[in-house]
Amino acid sequence: MRLFGIAGYSGAGKTTLMEKLLPRLAACGLRVSVLKHAHHDFDIDRPGKDSFRHRQAGAAEVLLASSARWVLMSELRGVVEPSLAEYAAHFSPCDLVLVEGFKHEAIPRLEVYRRANGKPPLWPGDPHVVAVACDEPPTESGPADPVWLDLNDAEAIARFILETR
């Protein structure tokens, strides 16, 4: 299983790009999974539901299952957060995991950048950014310029991901 990161500030278009990339990568015969890191407390469960009540009562893990999908919720309860590799080990076998977040991990990543966001680019300070997908020609330069890709050309971005090892 190969890990490839998608990085960028909120509002840059990471989710939209991933929605365009996933069907293209799947059409190439790849089984692709997504691992997204949330930087804040989140909950996919709802108060009052059985699974929520089980977690509140102290269950370490709750697995919800149906004929359409399943989800495993694990409570860390103060334990150190697992590493990217430990999270990825939970996936069923696949060819590629697109990773959003985990920007301090040493995996190749594509930065989604929009100058209009008013945020500085990540790539000058991140040696693992191998490409930048942006919506206008870049004006920045750095010690090791990444590959520049048109954010609106999902086909070219998918090809780049497939060719990058």
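The values are calculated or read from the model by the stated rules, or taken from the named source; none is laboratory data. Every value quoted in this text rests on a predicted model; they were computed, and no experiment measured them. All Cβ positions, even for glycine, are placed from backbone atoms using ideal geometry, and neighbour counts span all protein chains on display.
List of remarks:
- Leading residue by the ranking (farthest from residue 5 (Cα to Cα)) among those in the stretch 108-139 that are in a strand (DSSP E or B) and of a type in the set (A, V, I, L, M, F, W, C): 134
- Subset of the stretch 153-165 [part of a loop (DSSP other than H, G, I, E, B) and either at pLDDT 95 or above or basic (Lys, Arg) (or both)]: 153, 165
- In the stretch 69-90 there is no residue matching the filter, namely being surrounded by 13 or more Cβ atoms within 10 Å (Cβ to Cβ), in contact (Cβ under 8 Å) with a residue 60 or more places away in the chain and more than 13 Å from the chain's Cα centre (by Cα).
- The residue that is nearest to residue 163 (Cα to Cα), among those in the stretch 82-104 that are of a type outside the set (Gly, Ala, Ser), part of a loop (DSSP other than H, G, I, E, B) and modelled with pLDDT of 90 or more, is 95.
- Some residue of the stretch 23-38 being closer than 30 Å to residue 95 by Cβ, out of contact with any Pro (no Cβ under 6 Å at 6 or more places or on another chain), among the β-branched types (Val, Ile, Thr) and free of Cβ contacts under 8 Å to residues at least 60 places away in the same chain: no
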